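Novice: Pasting a structure below so you can have a look.
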Amino acid sequence: MPPRILAIGDIHGCSRALNSLLESVAPRDEDTLIFLGDYVDRGPDSRGVIEQLIALSLRPHFIALRGNHDEWMLRARHSRQWLHSWLQKGVGGMATLESYGAHSFDDIPPSHWDFLESTRFFYETDHFLFAHAGLDGDLPLEDQSEETLLWLRVTETAPHFSGKTFICGHTSQKNGVPLDLGHAICIDTFAHGGGWLSALDCDSRQLFQANQSGETRVLWLD
């Protein structure tokens, strides 16, 4: 079996769904795991998610991209304005702090901050482009703004001049099914809100999903 390129959507503190998804996918050492960001906030166990990702980072082919919520948490550590917005009810920062039992950012392990700081803004293969949120179709990935890569909706993302398919998260699909626009595929399938956490085999278009109840299913994007 050839190596797989596996993209994993927005986890948002759903460590049980992540565990079940990885058991279903059963990644091999030669597979590339590409996490699309938003590891923290909203779900119940952001700490557990980061711990799992740090362990996975020892794999030979591991890519962790940064999501806007990961960026929010990093900025909140140093900015009162960002802290205030991060702790608002709809954002979910309070759930992240509670998962650490934290009264301040000093209670969060330095290795977790190091992991978040180490995340990338984009990744590219021969046939695919990866970022958390969106991109400018006229620019190479290295020239994209951080705002575009972290915040733009996939529905605002035009086909890329390279002809490569763009794989992203960020724009939650509350029906639990990825949004396939042809030139772009969004695999944020609302794990924290009662939906599914998705892993897409980019070449075969096989889709693995798991939820916080530990249920799994396998679909095909066709």
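Any read-out appearing in this document is the output of simple, stated calculations on the displayed coordinates, not a laboratory observation. Here the structure is a predicted model, which is why all the values come from computation and not from measurement. Note that each Cβ is placed from the backbone with ideal geometry, even for glycine, and that neighbours are counted across all protein chains shown.
Novice: Scan around residue 40 for amide H atoms under 5 Å from its own, H built in the peptide plane at 1.01 Å from N, and keep only partners 5 or more places away or cross-chain.
Specialist: Residues meeting the criterion, in which the H sits 1.01 Å from N, are 12, 13, 70.
Novice: May I ask you to derive the relative contact order of the chain, considering only C-alpha pairs under 8 Å and at least 6 residues apart, and to give it as an integer percent?
Specialist: 24 percent
Novice: Relative contact order of the stretch 43-110, please, whole-number percent, based on alpha carbon pairs below 8 angstrom and at least 6 residues apart.
Specialist: Taking the mean separation of contacting Cα pairs over the length of the stretch 43-110, I get 36 percent.
Novice: Then there is this: With a sphere of radius 13 Å drawn around the Cβ of residue 21, what net charge do the other residues whose Cβ falls strictly inside it have (Lys, Arg +1; Asp, Glu -1)?
Specialist: It works out to a net charge of -2.
Novice: Quickly rank 132-144, 51-63 as a protection proxy: mean count of other C-beta atoms within 10 Å, highest first.
Specialist: Going from most to least packed, we get 132-144, 51-63.
Novice: Show me the ranking of peptides 192-204, 172-184 by mean Cβ neighbours inside 10 Å, starting with the highest.
Specialist: The densest-packed peptide leads the list: 192-204, 172-184.
Novice: I'd like the FRET efficiency for residue 24 and residue 102, computed as 1/(1 + (r/R0)^6) with the beta carbon distance as r and R0 of 45 Å, rounded to 0.05.
Specialist: Once the sixth-power term is evaluated, E becomes 0.90.
Novice: If you take every DSSP beta bridge fully contained in the stretch 5-220, what fraction is antiparallel? Give it as a percent rounded to 5.
Specialist: Antiparallel bridges make up about 55 percent of those DSSP assigns within the stretch 5-220.
Novice: For Cα extents along the principal axes in Å, pick the label among (i) 46, 38, 34; (ii) 61, 41, 30; (iii) 50, 35, 28 that corresponds to the value derived from the coordinates.
Specialist: (i)
Novice: Once the Cα atoms of helix 15-25 and of the chain are each reduced to a long axis, what angle between those two axes, in degrees from 0 to 90 to the nearest 10, is obtained?
Specialist: Helix 15-25 and the main axis of the chain meet at about 20 degrees.
Novice: What does the extension gain come out to for residue 88 and residue 151, with contour length at 0.36 nm per residue minus their alpha carbon separation?
Specialist: Gain on extension, residue 88 to residue 151, equals 20.9 nm.
Novice: Quick one: if the Förster radius is 41 Å, what FRET efficiency do residue 58 and residue 222 give, using the C-beta to C-beta distance and rounding to 0.05?
Specialist: Using R0 = 41 Å, I get an efficiency of 0.75.
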